[in-house]
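This report concerns only the one structure given below.
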Amino acid sequence: MQRRGIICHIYWVGLCIFCQFQTACAQSASREYPAFSLSPIYPAAHPYLIKDEELYDYFSIDSSGIYLYASPHDKKIGNAEFHLYPDEFERMLKLLKFYPMEKVTDVYKEKGTNRWLASKKVYTPPLEKAFEYRNISEKPLAGLRVALDPGHLAGDHALAETEGKYMKMRASMHTKHTAIHFHESDLTIQTARIIKQKLEAEGATVMITRKRKGLSVDGFDFDTWKKVFFHSYLDEQVEKGLLSEWDRKWYKTKAKDKDIFKLYNSEDLYMRAEKINAFRPHLTMVIHYNVHAPNEKSKDKEGFFLPTHENYAMSFVPGAFLKNELRTQEDRIHFLYFLLNPDFEQSIFLSQAFIKASKEIAGVRTVSEEDKLIYLDRLCIQSSVQGVYARNLKLTRMVRSPICYGESLCQDNLIEALALNKKDTFFHDRYIPSRLLEIAETYVSSVHEFADKMLRE
């Protein structure tokens with residue numbers, strides 16, 4: 001208990017220093033986001049939390065704790081929405097980490113700026129036997145819980161084009177006169193199945209968020225969701241203040257399937273995060289395949305790509321909150337988690353292991369500044385590791401475990417497109433591209449390195 005108190009005090013001192021330094025930088029003439037170096041006196045997430053300086057208007061930290069504000073005006077007049085005292089940090093962190101968002105929100109509203117009563121305990125559900133990595137055992141991962149999230153949703157090519165996550169190229173000399181046609185959600189779910197099989201063979205307990213092509217976590221395809229749940233979903237979003245009446249009317253009268261699909265996908269991502277957090281994994285791997293962004297302009301009117309020679313891997317971790325991304329109460333609750341959570345460096349380590357494995361096992365180089373990807377500059381913060389970026393995606397924001405959001409390769413790369421189009425290996429009940437076996441191994445290798453170095457008891 002004494003050691004825990006010392007650690008909490010160290011983090012508290014760090015939070016105060018962090019706030020004072022951020023305020024000074026925000027008031028400087030340059031008005032640029034300040035550069036940070038990692039320091040043991042405050043949680044490692046802090047250098048990567050804020051991408052836009054306007055977010056400082058939604059929180060403050062002083063000797064009496066952390067304050068969150070519903071708007072810049074509320075901060076200006078000193079009207080805090082929530083106040084967390086230093087001796088409440090540990091209790092709040094448990095609540096944020098182990099309770100569903102609905103319950104956390106209720107407690108957040110109930111507490112407000114009041115002190116928590118000592119009698120109001122936060123129950124931490126017990127885990128099974130603690131994990132211990134055994135690199136000489138037949139089951140070195142026994143006891144390890146791994147969550148896998150295969151990205152995207154489409155179950156067929158038509159819906160993949162609605163989703164905007166597909167690859168197709170016309171037969172040409174470049175493609176060896178082969179017509180190329182596949183979609184990312186199929187690649188990711190097949191990759192997840194391979195990873196699951198490999199990890200379970202070594203003793204790990206593995207959960208995949210979605211198990212069947214074309215179905216969301218709650219088991220509905222897009223057409224069913226649109227017919228049965230779409231209108232009630234709009235009503236809920238309006239009630240929560242996340243959509244306006246004008247938005248609801250537009251979605252009901254003018255929105256196309258690709259617009260509605262984004263809502264379907266957003267709801268599904270929320271449920272994926274809830275499912276992952278309920279599983280309480282030691283780590284989470286989010287599986288994606290990339291497209292070289294500048295090559296998007298090469299698509300013709302029918303959506304066919306031209307092949308590119310660019311190919312690289314990258315990974316995302318939590319952070320880089322953008323302008324307006326503390327506007328809702330839910331956003332501010334997620335932000336509070338990262339202010340309190342001292343385990344951010346584990347996501348960096350896991351992603352670093354993935355980047356390393358992508359190069360050594362799959363032969364894919366790491367993305368660099370020379371690739372001139374605008375979204376990395378606008379939406380992300382470069383971490384201390386090349387190819388690993390903080391980005392405030394829904395899953396990096398909501399998942400309560402170390403997380404690697406992997407982008408293994410560029411699907412529009414000529415060599416990769418040909419390999420991913422070729423179903424030349426039999427796995428379980430179907431033929432799949434053998435290239436997926438190599439990509440799956442990069443994730444498996446990352447899990448081993450993480451378990452060996454970061455989870456030793």
Any chance you could count how many residues in region 289-304 are surrounded by fewer than 21 Cβ atoms within 10 Å (Cβ to Cβ), in contact with a helix residue (DSSP H, G or I) (Cβ under 7 Å, 6 or more places away or on another chain) and outside any helix (DSSP H, G or I)?
1
Pairs under 8 Å by beta carbon, first residue at positive phi in region 157-181, partner exposed (fewer than 15 other Cβ atoms within 10 Å of the Cβ) and assigned to a loop (DSSP other than H, G, I, E, B), six or more apart or different chains?
H177/A171
Could you tell me which residue of region 293-308 is nearest to I374 (Cα to Cα), considering only residues that are touching a His at 6+ places or on another chain (Cβ under 9 Å) and not hydrophobic (A, V, I, L, M, F, W, C)?
T308
Restricting to region 84-96, name every residue that is within 15 Å of F335 (Cβ to Cβ) and either touching a strand residue (DSSP E or B) at 6+ places or on another chain (Cβ under 9 Å) or modelled with pLDDT under 90 (or both).
L84, F89, M92
Under the condition of being open to solvent by 60 Å² or more (accessible area, probe 1.4 Å), free of Cβ contacts under 8 Å to residues at least 40 places away in the same chain and not charged (D, E, K, R), which residue from region 236-287 is farthest from L395 (Cα to Cα)?
T253
The correct count of residues that are open to solvent by 50 Å² or more (accessible area, probe 1.4 Å) and either assigned to a helix (DSSP H, G or I) or within 30 Å of E132 (Cβ to Cβ) (or both) in region 175-193 is 1
Matching residues in region 74-114 (assigned to a loop (DSSP other than H, G, I, E, B), aromatic (F, W, Y) and within 27 Å of M271 (Cβ to Cβ)) number 1
Could you tell me whether region 194-208 includes any residue that is in contact with an Asp or Glu (Cβ under 9 Å, 6 or more places away or on another chain), open to solvent by 20 Å² or more (accessible area, probe 1.4 Å) and under 30 Å from D257 (Cα atoms)?
no
Some residue of region 366-373 being over 19 Å from H46 (Cβ atoms), open to solvent by 70 Å² or more (accessible area, probe 1.4 Å) and touching a Ser or Thr at 6+ places or on another chain (Cβ under 9 Å)
no
The residue from I415, I381 that alone is within 20 Å of N311 (Cα to Cα) and either open to solvent by less than 30 Å² (accessible area, probe 1.4 Å) or in a helix (DSSP H, G or I) (or both) is I415
So the check is Cβ under 6 Å with 6+ separation or different chains; which pairs have a first residue in region 77-100 that's within 19 Å of T124 (Cα to Cα) and a second one that's among the acidic types (D, E) and at pLDDT below 90?
none
Return yes when M285 is hydrophobic (A, V, I, L, M, F, W, C) and either over 24 Å from the mean Cα position of the chain (by Cα) or closer than 30 Å to Q386 by Cβ (or both) and no when it is not.
yes
Quick one: is A451 in a helix (DSSP H, G or I) and either of a type in the set (G, A, S) or touching a residue at least 40 places away in the same chain (Cβ under 8 Å) (or both)?
yes
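The values are calculated or read from the model by the stated rules, or taken from the named source; none is laboratory data. Since we're looking at a predicted model, the values are computed, not measured. Every residue, glycine as well, gets a Cβ built from its backbone with ideal geometry; the counts of neighbours run over all protein chains shown. Accessible surface is based on the protein model in full, side chains and every heavy atom, while ligands, DNA and RNA are left aside. Shrake-Rupley method; radii C 1.70, N 1.55, O 1.52, S 1.80 Å.
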